[in-house]
1. Read through the list (1) open to solvent by 50 Å² or more (accessible area, probe 1.4 Å); (2) in a helix (DSSP H, G or I); (3) more than 24 Å from Gly303 (Cα to Cα), then give the number of the only condition that Phe135 fails.
2. With (1) buried (at least 23 other Cβ atoms within 10 Å of the Cβ); (2) not assigned by TED's automatic domain parsing to the domain that holds Tyr360 as the list, and Asn270 as the residue in question, which single condition is left unmet?
3. Counting just the residues of the stretch 239-261 that are surrounded by fewer than 19 Cβ atoms within 10 Å (Cβ to Cβ) and either modelled with pLDDT of 95 or more or of a type outside the set (Val, Ile, Thr) (or both), which one comes out farthest from His172 (Cα to Cα)?
4. Name the helices (runs of 4 or more DSSP H) wholly inside the stretch 429-495 in which the number of residues that are under 20 Å from the mean Cα position of the chain (by Cα) is 1 or more.
5. If you check Asp156, Asp168, Asp141, which single one turns out to be in a loop (DSSP other than H, G, I, E, B), open to solvent by 20 Å² or more (accessible area, probe 1.4 Å) and more than 15 Å from Leu275 (Cβ to Cβ)?
6. Tell me which residues, restricted to the stretch 208-232, are in a loop (DSSP other than H, G, I, E, B), open to solvent by 20 Å² or more (accessible area, probe 1.4 Å) and touching a Pro at 6+ places or on another chain (Cβ under 7 Å).
7. What are the residue pairs meeting all of these: first residue in the stretch 98-111, first residue in a helix (DSSP H, G or I), second residue near ligand 2 (Cβ under 9 Å from one of its atoms), Cβ atoms under 6 Å, and 6 or more apart or on different chains?
8. Here are the criteria: (1) within 16 Å of Leu65 (Cα to Cα); (2) among the acidic types (Asp, Glu); (3) touching a Lys or Arg at 6+ places or on another chain (Cβ under 7 Å). Tell me which single one Asp152 does not satisfy.
Amino acid sequence: MALMTAKEYIDSLRKLRTRVYLFGEQIENWVDHPMIRPSIQCVAMTYALAHNPEYGALMTATSSLTGRKINRFTHLHQSAEDLVKKVKMQRLLGQKTASCFQRCVGMDAFNAVFSTTFEIDEKYHTRYHENFKQFLIQVQDQDLTVDGAMTDPKGDRSKPPHQQADPDMYVHVVERRSDGIVVCGAKCHQTGSVNSHWHIFMPTIAMGEADKDWAVSFACPTDAEGMYLIYGRQSCDTRRLETEGCIDQGNAKFGGQEALVVLDHVFIPNEYIFLNGEYEFAGTLVERFAGYHRQSYGGCKVGVGDVLIGAAALAAEYNGVEKASHIKDKLIEMTHLNETLYSCGIACSCEGCPTRAGNYQIDLLLANVCKQNVTRFPYEIVRLAEDIAGGLMVTMPSEKDFTSDTVVGRNGETIGDICSKYFGTKEGVSVQDRQRILRFLENLCLGAAAVGYRTESLHGAGSPQAQRIMIARQGNLEGKKELAKHIAGIRRGEK
Ligand code: SF4
Ligand code: FE
């Protein structure tokens, strides 16, 4: 099959028998559910833009496995240029959706699993790499969306998997058969899982020999027998249940999505297994996936940041303060912070190098520095946006008030008339446009999109401390000490 269109992608989801639970009940038609649909439209944008000639070079690539044209979200990066294009593609999608478009986790999993399985096979003569290649060809040819599932619930964080009171705190093998394995456990806050055709499961931490049964990676269709998803709440999410497209939603078209993914005795055939007991490779897989996903944030969050800066500038204009020097300076600061994140995303891509399997990997130190900055700068960007927007962003009456014809005034004025009168600003700016931009800012800074822009900036792709551990490991402090000693004239062993 050629590249899917956005419509074909949405229709393809209808064919799945994915079990989705929301507010304590199973949702049969989750594709059209008003709380879920914006997140589907967001993923659909990764399909739509691939058909747009303006973005063809960014959105598509030539498969290294088949030579066929594929969506870049299913690509194995073949060069530093490919890594740069990935970041640019993510910035573009952030700009078009102001949201998390979810499909990157699969792309990052593909590249991490590809190189890691190659190295496991080298050592153990297993056939995980071949399994993975065959799976990826299927993904590329059918243009599928795949969730990269890594984060286990982890239970008592002081204990490794095999010491947990409940073994399901990490996904593990409960039965080994000649034709495959049976797995149990769960993955938390899985971005885009409901909207994915398949999942790739990976371990979430480095493991020791006693954790062998937990050192497992595999692919599984989202509607597999025994698998189900419990949808995560987001701030202000029930506004999506109000009037369709209402202004109070802020961004009625697009949104992100997370879920708890549960595996209750799911059978995985041998050909979809990529790691099964070779525990020393669990850490490699985690490190590589995290590295790619930390690079990703130097693209997607920057694109959303572009929209946020634009919205803040519009709010300033609508309030009539755009010429004030402190407003201009705040917009400059937001841009500076946003472009610094982008610089990190580009830098770790340009410094990428080939893996033994042949695909390209980012510079791990720079990717971790990128994500560490992402845990901080979006908070400052949001603070400045809220400063510029003013308090009305969080105190404004609802759209229903603005359109209400209930008479409240002495001279027959309606609630709508009163809201329009007191929330009007300068000539030429409609009250509705002001409402729209403030609600949009609220959505980005505090509402559903803030899950993806703010809190996900902190915890997504690993919380800040995870990057600091990697920075410590990759920072080559000993090498830096040698530099200092050399110039300072300090010679080891000499008095
Ligand atoms: Fe992609 Fe960013 Fe969402 Fe991760 S947070 S899936 S990188 S858009
Ligand atoms: Fe994420």
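1. (1)
2. The one condition Asn270 does not meet is (1).
3. Within the stretch 239-261, the subset surrounded by fewer than 19 Cβ atoms within 10 Å (Cβ to Cβ) is 241-246, 253, 260.
If we keep only those that are either modelled with pLDDT of 95 or more or of a type outside the set (Val, Ile, Thr) (or both) as well, we get 241-242, 244-246, 253, 260.
On the way: Leu241: 38, Glu242: 41, Glu244: 42, Gly245: 43, Cys246: 44, Lys253: 38, Leu260: 16 Å.
Restricting to residues being surrounded by fewer than 19 Cβ atoms within 10 Å (Cβ to Cβ) and either modelled with pLDDT of 95 or more or of a type outside the set (Val, Ile, Thr) (or both), the top hit is Cys246.
4. Output list reads 431-445, 456-459, 464-474.
5. Unique residue meeting the criteria: Asp156.
6. Gly208
7. Cys104/Ser296; Val105/Thr191; Asp108/His293
8. Result: Asp152 passes all but (1).
The values are calculated or read from the model by the stated rules, or taken from the named source; none is laboratory data. Because the structure is a prediction, the values reported are computed rather than measured. Positions of Cβ are backbone-derived with ideal geometry, glycine not excepted, and every protein chain shown enters the neighbour counts. Please note that ligands, DNA and RNA were not included when accessible areas were found on the heavy atoms of the full protein model with its side chains. Shrake-Rupley method; radii C 1.70, N 1.55, O 1.52, S 1.80 Å.
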